[in-house]
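Participant: Structure in structure tokens, see below.
The values are calculated or read from the model by the stated rules, or taken from the named source; none is laboratory data. Please read these numbers as outputs of a predicted model, since none were measured by experiment. Please note: Cβ atoms are built from the backbone with ideal geometry, for glycine as well, and neighbour counts cover all protein chains shown. Calculation scope for accessible area: heavy atoms of the full protein, side chains included, ligands and nucleic acids excluded. Shrake-Rupley method; radii C 1.70, N 1.55, O 1.52, S 1.80 Å.
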Amino acid sequence: MKLIDRLFSKKPKLADESFVNPITTDLHSHLLPGIDDGVQTIEESLDVLKHLSSLGYKKVITTPHIMGDYYQNSAHNILPLLEEIKSALLTENIPIELHASAEYMVDDALLEKIDSGNILPFGRNHVLIEMPFMEPSPNLTEIIFALRINGYTPVLAHPERYVYFGMNPKKYHELWDTELLFQVNINSLIGYYSPQVQKAAEYLIEHKMVSMLGSDTHGMRHMPVLEDSIKSLNYQHICSLPLLNNSL
């Protein structure tokens, strides 16, 4: 039996049946078609947004990747696509308020974007940043500082997925103490990425080091997992924290 099959042969611990999902704004998804590793067609984008609406979401802040020479997205292609999907949402009568920002890789190219003001923030000038999964970005501290002095509030995407942090939880506390915000992926709560990632997410919940939640949805394949995650006891626990989602 494959690892993923073994993982999902065990049902996650379920929340109380009376629990009602309080989160109505999703942060972190890849729903602009054809510009990164997320949805590739407008039809799939609409299918995902329709499904998110059925789960109680009223607002979605989608965040296509921007990283060096690999995903060279910017406001020039993100915003026109946003308007196209928003128009389609109206046509299809899907009750979702859609916004677009980006998920920025912490690299040298990001420093150039910050210096030139070429940043698409969300909420109250928040900026979602990510790092490679195998090793931390050497200029993380420099990027955080550059964002702050330019008036932005950095948010670290899925810190629980960085194995090098999970193996050294002290790093979570060091970053949290600098007032860096943490965005946890909902599907991490039931071990979708790995049991180790789930444990790291549970550690962050236990120590109240979670600022925001995100589906990190890349397509319809994530919808069944998201439904299971929202029904989990870990999700109920994380929603007891002072999350910022609904204020974005």
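Participant: Does at least one position in the range 152-161 carry a residue that is more than 29 Å from Val48 (Cα to Cα) and either out of contact with any helix residue (DSSP H, G or I) (no Cβ under 6 Å at 6 or more places or on another chain) or of a type in the set (A, V, I, L, M) (or both)?
Facilitator: Step one: of the range 152-161, the residues more than 29 Å from Val48 (Cα to Cα) are 152.
Next, only the ones that are either out of contact with any helix residue (DSSP H, G or I) (no Cβ under 6 Å at 6 or more places or on another chain) or of a type in the set (A, V, I, L, M) (or both) stay: 152.
Yes, that holds for at least one residue.
Participant: Scan (1) among the aliphatic types (A, V, I, L, M); (2) within 25 Å of Pro64 (Cβ to Cβ); (3) open to solvent by less than 50 Å² (accessible area, probe 1.4 Å) for the single condition Met220 breaks and write down its number.
Facilitator: Answer for Met220: the failing condition is (3).
Participant: Name the helices (runs of 4 or more DSSP H) wholly inside the range 10-116 in which the number of residues that are touching a residue at least 60 places away in the same chain (Cβ under 8 Å) and either of a type in the set (D, E, K, R) or open to solvent by less than 20 Å² (accessible area, probe 1.4 Å) (or both) is 2 or more.
Facilitator: On the way: elements: 42-54, 75-92, 108-116.
Correct list: 42-54.
Participant: Quick check on the range 120-129: of everything there that is free of Cβ contacts under 8 Å to residues at least 60 places away in the same chain and open to solvent by less than 30 Å² (accessible area, probe 1.4 Å), which residue is farthest from Gly214 (Cα to Cα)?
Facilitator: Leu120
Participant: Could I ask something else about it? Scan the range 166-176 for residues that are crowded, with 20+ Cβ neighbours inside 10 Å and modelled with pLDDT under 95 and jot them down.
Facilitator: Matches in the range 166-176: Gly166 only.
Participant: Something else now. Within the set of pairs 6 or more residues apart or between chains, which connect a residue that is touching a residue at least 40 places away in the same chain (Cβ under 8 Å) inside the range 137-156 to a residue that is among the small types (Gly, Ala, Ser) with Cβ atoms less than 7 Å apart?
Facilitator: Filtered contacts from the range 137-156: Val155/Ser211.
Participant: If I filter the range 53-65 for residues that are out of contact with any strand residue (DSSP E or B) (no Cβ under 9 Å at 6 or more places or on another chain) and at positive phi, do I get at least one hit?
Facilitator: yes
Participant: Residue check: is Ile205 more than 11 Å from the chain's Cα centre (by Cα) and either at pLDDT below 95 or open to solvent by 60 Å² or more (accessible area, probe 1.4 Å) (or both)? Explain how you work it out, then say what you get.
Facilitator: Values: more than 11 Å from the chain's Cα centre (by Cα): yes; either at pLDDT below 95 or open to solvent by 60 Å² or more (accessible area, probe 1.4 Å) (or both): no.
Criteria not met by Ile205.
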